[in-house]
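K.L.:
Following this message is one structure expressed as structure tokens.
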Amino acid sequence: MNTKFRYLLPCLVVSLLVGFPVPFSAQAQPGQVCESDGDFEPPSDITRVVELSQFDISVTIPENYRIMERQDGSVQILHPDTFEWIQCVQNGGIGASGYYQETLQSIAPVATMTLREQIASMLYDPDAIAITAYEQNGLDGYIAYNQGDYSALFLGTIPGSDQLLRVLVACDCEINLESLTELLAEIRPLQ
């Protein structure tokens, strides 16, 4: 099977399943460096609600954003520029800088740990990261964040679910805490 087709087909199927038109960009030349040009497309003023039943949540996103389910079961919310970056890599380009991600994932709680201990166990250096309680819209958990860091993490409970919700905002650039809290404000339990 043609390598380009093998990578493009799952993207097309996912896009069709969630009802998005699929814009095909120009093919990347092998060896082309894929990076953000800094000319970011702003989020649409029109939003839509996407139900993620596998996590027992819904999330409100701008209409020009996409949802991509990954092989590990996590879901990424793709900004237009991130989607273009992924297309460039799929078309043979070499990934460089500019990859911003918002990832949602369902994980099992560890019975021998508190929620705070579990989020601390996910961190490279938990002593250097501020861990604070977070509660809004039915989500109850903790945020791990350090000023000037490249990621912010939430781990919490969802009413009616026996799983925990892990929300990661990360980039190969500095992330501010508002990137995570603004996303969390758009998440609602389905029940």
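Each reported figure results from applying straightforward, stated rules to the coordinates on display, with no laboratory input. Worth saying up front: this structure is predicted, and the values here are computed from it rather than measured. Using ideal geometry, Cβ is built from the backbone for each residue, glycine included, and neighbour counts are taken over all protein chains shown.
K.L.:
What about Arg166, is it closer than 26 Å to Thr60 by Cα, in contact (Cβ under 8 Å) with a residue 12 or more places away in the chain and charged (D, E, K, R)? Give the steps one after another, and end with the answer.
P.N.:
On the way: closer than 26 Å to Thr60 by Cα: yes; in contact (Cβ under 8 Å) with a residue 12 or more places away in the chain: yes; charged (D, E, K, R): yes.
Yes; evaluated as a whole, the condition is true for this residue.
K.L.:
Next question. Among the residues of region 99-142, which ones are under 28 Å from Tyr65 (Cα atoms) and among the aromatic types (Phe, Trp, Tyr)?
P.N.:
Once the filter is applied, which keeps residues that are under 28 Å from Tyr65 (Cα atoms) and among the aromatic types (Phe, Trp, Tyr), region 99-142 yields Tyr99, Tyr100, Tyr134, Tyr142.
K.L.:
Assuming Thr60 fulfils every condition listed in (1) of a type outside the set (A, V, I, L, M); (2) part of a strand (DSSP E or B); (3) over 22 Å from Asn137 (Cβ atoms) apart from one, which condition is it?
P.N.:
The one condition Thr60 does not meet is (3).
K.L.:
Also, I was wondering about something else. In this structure, is Ile129 crowded, with 17+ Cβ neighbours inside 10 Å, hydrophobic (A, V, I, L, M, F, W, C) and under 23 Å from Pro189 (Cβ atoms)? Spell out the reasoning first.
P.N.:
Details: crowded, with 17+ Cβ neighbours inside 10 Å: yes; hydrophobic (A, V, I, L, M, F, W, C): yes; under 23 Å from Pro189 (Cβ atoms): no.
Criteria not met by Ile129.
K.L.:
What number of residues in region 160-173 are farther than 14 Å from Ser106 by Cβ and part of a loop (DSSP other than H, G, I, E, B)?
P.N.:
The initial filter retains those residues of region 160-173 that are farther than 14 Å from Ser106 by Cβ, namely 169-173.
Going one step further and asking which of them are part of a loop (DSSP other than H, G, I, E, B), we end up with 172-173.
Number satisfying all stated conditions: 2.
K.L.:
Tell me which residues, restricted to region 43-58, are among the hydroxyl-bearing types (Ser, Thr, Tyr) and under 11 Å from Leu190 (Cβ atoms).
P.N.:
The first filter runs over region 43-58 and keeps only residues among the hydroxyl-bearing types (Ser, Thr, Tyr), leaving 44, 47, 53, 58.
Passing the criteria: Ser53, Ser58.
K.L.:
Separate question: Residue by residue through region 132-158, note down the ones that are part of a loop (DSSP other than H, G, I, E, B) and either touching a residue at least 40 places away in the same chain (Cβ under 8 Å) or surrounded by 20 or more Cβ atoms within 10 Å (Cβ to Cβ) (or both).
P.N.:
The initial filter retains those residues of region 132-158 that are part of a loop (DSSP other than H, G, I, E, B), namely 137-138, 146-150, 158.
Within region 132-158, Asn137, Gly138, Ile158 meet the criteria.
K.L.:
While we're looking at this one, here's another question. Considering only residues of region 48-81 that are free of Cβ contacts under 8 Å to residues at least 24 places away in the same chain and of a type in the set (S, T, N, Q), which is surrounded by the most Cβ atoms within 10 Å (Cβ to Cβ)?
P.N.:
Of everything passing the filter in region 48-81, Asn64 is surrounded by the most Cβ atoms within 10 Å (Cβ to Cβ).
K.L.:
Whether any residue in region 184-191 is loosely packed, with under 15 Cβ neighbours inside 10 Å and without any contact (Cβ under 8 Å) to a residue 12 or more places away in the chain is what I want to check. If you could, list the steps in order and put the result at the bottom.
P.N.:
Of all residues in region 184-191, those loosely packed, with under 15 Cβ neighbours inside 10 Å come to 185, 191.
Subsequent filtering for residues that are without any contact (Cβ under 8 Å) to a residue 12 or more places away in the chain retains none.
No, there is no match, as no residue in region 184-191 is loosely packed, with under 15 Cβ neighbours inside 10 Å and without any contact (Cβ under 8 Å) to a residue 12 or more places away in the chain.
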